[in-house]
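Here, each number is a calculation from the coordinates, and none is a lab measurement. Quick caveat: nothing in here was measured; it's all calculated off a predicted structure. A quick note on method: Cβ atoms are made from the backbone with ideal geometry, for glycine too, and the neighbour counts reach across all protein chains shown.
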């Protein structure tokens with residue numbers, strides 16, 4: 001499984017805002033953005049030229065890092081979104097939101113996407129009764145997500161649920177039984193990602 005193993009706090013500092021890549025840690029004083037609110041590297045504190053291309057590129061990189069997707073797969077998602085009916089940028093975010101690892105975070109069953117990917121890769125979750133070990137698995141309307149019976153990570157999952165304030169309206173969660181259902185596709189107003197998708201569309205349209 002290809003993944004980005006670079007330091008997560010540096011990724012947030014590079015984008016100039018919290019991407020909540022480390023879950024609960026991002027809410028504490030240990031957060032890298034709180035401690036050093038400037039880009040990493042020798043020239044991080046210097047003035048940086050803000051060209052149109054740079055702004056668009058940074059937005060794309062921010063979206064990749066927020067969802068934990070590598071460049072090649074992100075481009076595949078964009079191509080798929082551009083072929084669908086509707087607004088390409090909103091289609092792209094809908095596809096990213098429908099990844100199983102992201103859905104577990106939205107449901108409150110994982111503290112971060114990295115933790116969600118680990119749970120999935122180790123076979124702790126099922127979709128419609130079948131074990132799924134692919135973090136990029138796309139959930140669909142009506143899918144039922146449940147923890148595998150007897151999983152040893154149940155205490156970790158329950159700890160994560162205690163940090164969840166609200167579940168999006170397009171999902172339905174039962175934190176007692178650790179099950180959930182996908183009610184429908186997410187709408188743009190329900191997607192909390194700190195991303196301006198139109199800038200990504202403009203970048204890829206060049």
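Per-structure values
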read-out: Residue 133-residue 206 FRET efficiency (beta carbon distance; Förster radius 35 Å; 0.05 resolution); value: 0.40
read-out: 16 Å reach of a label modelled at residue 70, 7 Å along Cα-to-Cβ, counting backbone N of region 122-136; value: 134-136
read-out: Contour excess over end-to-end distance, with Cα ends at residue 79 and residue 185 and 0.36 nm allotted per residue; value: 36.3 nm
read-out: Residue 174-residue 53 pseudo-label distance in nm [points 7 Å out on the Cα-to-Cβ vector]; value: 5.4 nm
read-out: All-pairs alpha carbon distance profile, region 149-206, 10 Å steps from 0, percent; value: 17, 35, 27, 16, 6, 0
read-out: Prolate/oblate/rounded call for region 42-152, Cα gyration tensor, a/c under 1.5 rounded; value: oblate
read-out: Virtual spin-label span in nm between residue 121 and residue 146, 7 Å along Cα→Cβ; value: 2.7 nm
read-out: Gyration tensor (alpha-carbon) shape descriptor, region 100-184, a/c threshold 1.5; value: rounded
